[in-house]
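Have a look at the structure below, then the notes.
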Amino acid sequence: MITAASYIHAQLPHTLQAQESATAYAPANIALSKYWGKRDKALNLPDNSSVSLSLGQLGTHTRIEFSQTGSDALYLNHEAVAPESQFSQQLWQFVGYFRRQQALPLCINTYNSIPTAAGLASSASGYAALTLALNRFFQLNLSEAQLSAIARLGSGSACRSLWHGFVHWQKGVAADGSDSIAHVLENHWETLCIALVDIDFSEKAISSRNGMLHTKQTSPLYPAWPMQAEKDCQTLIEAIKAKDFEQLGTTAEANALLMHATMLAARPALRYLQAQSLVALDKIAQLRADGVGAYATIDAGPNLKILYLAQDKASISQAFPNAIHIAPFAPDAVTTQAIQY
Ligand code: PMV
């Protein structure tokens with residue numbers, strides 16, 4: 001059986017040559033058509049492909065260096081992380097796939113530029129930045145495909161966080177997941193914007209990992225999901241190429257609602273949406289009725305992300321005064337944080 005550990009071991013040299021320190025940055029990403037269900041739990045292999053939009057300067061910065069104290073240390077947003085926390089345990093397990101038996105105590109500093117109030121998970125940018133930093137720290141020279149496959153083992157959606165702009169994660173068919181990797185779509189869409197609407201940013205009760213599993217195991221609607229999600233992914237790629245905003249927005253919103261409908265049908269129901277999420281969806285429908293191009297997408301939580309074109313920013317701000325606005329293709333969003341492999 002192939003495991004995350006055995007897959008990563010197979011990509012590495014026998015002995016690691018470490019630098020003094022290494023840093024990396026990876027942006028957060030929002031799926032326009034979602035990943036929700038796995039064909040392989042250990043390797044995070046999805047039942048369907050997905051396509052995402054990266055959030056420019058909102059993401060994770062990670063720095064790795066040798067530990068001065070002789071034991072591992074982890075800091076998140078400048079604060080020491082308790083070794084027994086789940087965050088710490090998962091991160092060191094991932095680092096252990098690289099270190100194997102070598103005694104290399106490390107100090108890892110990770111910083112999220114995503115405002116907590118944005119209600120966004122940071123595991124995608126976190127594992128992407130960690131993978132890039134490990135690649136540099138151990139001078140591995142891994143290819144983009146290898147890096148994407150390895151980031152996926154930390155968190156599925158992390159395989160899409162290695163690039164700016166639109167990214168396509170192809171589900172792949174290989175048992176070891178070597179073809180379940182993402183690649184960047186070279187399409188720029190300068191006027192496309194995204195607004196993050198916070199409904200409730202307290203930590204979710206059920207992780208994506210457990211939520212996906214439960215939905216696949218118990219929702220009678222699940223069999224329809226991967227088929228439609230695969231079609232939505234293709235439709236979105238066409239909409240991106242044609243810069244067809246209506247096609248992009250309607251498909252992204254329908255895909256998100258289909259994912260939530262599939263979760264709601266799980267037994268017991270898995271409900272991330274809150275009353276205020278539905279109120280916000282109504283507002284967005286009203287904006288459209290008033291001639292404003294606005295479409296929503298929602299991940300495994302109650303918060304909304306609104307897709308809109310730059311010309312409509314004032315109308316979106318008026319309807320959602322606290323929203324955080326991002327222009328993912330603005331020159332400062334993509335050039336100041338050039339991603340290096
Ligand atoms: O990568 P994970 O395990 O955090 O799952 C991500 C799940 C969604 O955000 C809901 C969808 C997606 O494709 O990003």
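The values are calculated or read from the model by the stated rules, or taken from the named source; none is laboratory data. These numbers were taken from a predicted model, which means no experiment stands behind them. A quick note on method: Cβ atoms are made from the backbone with ideal geometry, for glycine too, and the neighbour counts reach across all protein chains shown.
Condition first: surrounded by fewer than 17 Cβ atoms within 10 Å (Cβ to Cβ) and within 19 Å of Glu186 (Cα to Cα). Now tell me which residues in the range 218-246 satisfy that. Within the range 218-246, Gln234, Glu238, Lys241, Ala242, Lys243, Asp244 meet the criteria.
Scanning the range 44-61 for residues that are buried (at least 24 other Cβ atoms within 10 Å of the Cβ) and part of a loop (DSSP other than H, G, I, E, B) returns a single hit, Asn44.
Flag: His168 matches the condition of being within 13 Å of the chain's Cα centre (by Cα) and either within 16 Å of the ligand (Cβ to nearest atom) or part of a helix (DSSP H, G or I) (or both). Scanning the range 236-275 for residues that are over 23 Å from Thr215 (Cα atoms) and touching a residue at least 40 places away in the same chain (Cβ under 8 Å) returns Leu236, Ile237, Ile240, Lys241, Lys243, Phe245, Glu246, Leu248, Gly249, Thr250. Of all residue pairs spaced 6 or more apart or on separate chains, those with beta-carbon atoms under 8 Å, a first member in the range 157-179 that is under 11 Å from Ser49 (Cα atoms) and among the basic types (Lys, Arg) and a second member that is assigned to a loop (DSSP other than H, G, I, E, B) and within 15 Å of the ligand (Cβ to nearest atom) are Lys171/Asp47; Lys171/Asn48; Lys171/Ser49; Lys171/Ser180. Any idea which residue in the range 41-71 is farthest from the ligand (Cβ to nearest atom), counting only those that are charged (D, E, K, R) and in contact with a Ser or Thr (Cβ under 9 Å, 6 or more places away or on another chain)? The residue in question is Glu65. Residues in the range 78-87 include at least one that is part of a strand (DSSP E or B), modelled with pLDDT of 95 or more and not charged (D, E, K, R).
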